[in-house]
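Notes follow the structure.
Taken together, the values in this text are just the output of simple stated rules run on the coordinates, not laboratory data. Just so it is clear, the model here is predicted, and its values are computed rather than measured. Every residue, glycine among them, receives a Cβ derived from its backbone with ideal geometry; neighbour counts consider all protein chains shown.
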Amino acid sequence: MTIAIKNFSIGLPKKMSYGKNEGMITGICKQAVEEAFLTKDGFRGDGVADLKHHGGPDRAVCIYPYEHYSKWESEFLVQFSLPTFGENLTLTNMEEKDVCIGDVYRVGEAVIQITQGRIPCSTITNRTNNPFLLKLMVQTGFTGYLGRVLKEGVVRKDSIISLEERNPHQVSILEANEIYFKRPRDIEGIQKILAVEELADEWKDMLNERLTRLEARH
């Protein structure tokens, strides 16, 4: 299955207006580019506003599967322009069910490793003016996902993307999302995710806390 880049976008935080004369500073509104250099901290010329919940080395690259756009468009009868969800790369044949935490991909000159599913936030609601989309993203697990940079390099909009190494634990983003969002008391499931050393530190901390509380009750 050939992976193709449908959209490659970056952008620095700026003011976005929404609702009735409301506004916020956000990095979700990105613009398509021909190429950009990918560093350990993300693409040069890209950024996030909320540093607590976004960005950092474990979340340097944001990816969203292209296939979901048609699902949301048929669900809501609205056209969603790329990249509505503020992702850097909108890709074919890389849905959450196909991608595992710890998988390593070559993206142009760079090499990235998948670290966690994305936890969607209210910025998506504000941007799309759709109060139901966020809930459905969580319910379906169609959240997109994030990665760290193992090797820096130039990425172009027509770069070849290839799977270099499949993580031996094979915990897909979809399975991790299912446990994280829908099965918060699933001790075995949480342990399965935590067994993947390459998991993002923030998820490790959150899931370890959850596990400690659950085990204390038993």
Notebook entry, point to check: Applying the Karplus parametrisation 6.51 cos²θ - 1.76 cosθ + 1.60 with θ = phi - 60° to the phi angles of the stretch 208-217, what ³J(HN,Hα) value in whole Hz is obtained for each residue in order, glycine and proline being reported as x?
Noted result: 5, 4, 4, 5, 4, 5, 5, 5, 5, 7
Next item on the list: Could you run the Karplus curve 6.51 cos²θ - 1.76 cosθ + 1.60 with θ = phi - 60° over the stretch 187-199 and give me ³J(HN,Hα) per residue in whole Hz, x for Gly and Pro?
Entry: 4, 4, x, 4, 5, 5, 5, 5, 5, 7, 4, 7, 4
Check: Net charge near Glu75, counting Lys/Arg +1 and Asp/Glu -1 over other residues with Cβ under 15 Å of its Cβ?
Finding: 0
Note to self: Can you show me the helix-derived [θ] at 222 nm for the chain, built from DSSP H runs with n ≥ 4 at -39,500 (n - 2.57) apiece and divided by the number of residues, rounded to the nearest 500.
What the structure shows: -7000 deg cm²/dmol
Check: Where does each of Asp186, Asp103, Asp205 land when they are ranked from fewest to most other beta-carbon atoms within 10 angstrom?
Finding: Asp205, Asp186, Asp103
Next item on the list: With Rg and Dmax of the Cα atoms in Å defined as stated, name the option among (1) 19.7, 67; (2) 17.1, 50; (3) 17.0, 54 computed from the structure displayed.
Entry: (3)
Notebook entry, point to check: How large is the charge dipole for the chain, taken about the Cα centre, if only the Cβ atoms of Lys, Arg (+1) and Asp, Glu (-1) carry charge, to the nearest 20 debye?
Noted result: 640 debye
Margin query: Highest mean first, how do 83-94, 4-15, 187-198 rank when packing is the count of other Cβ atoms within 10 Å averaged over residues?
Written below: 83-94, 4-15, 187-198
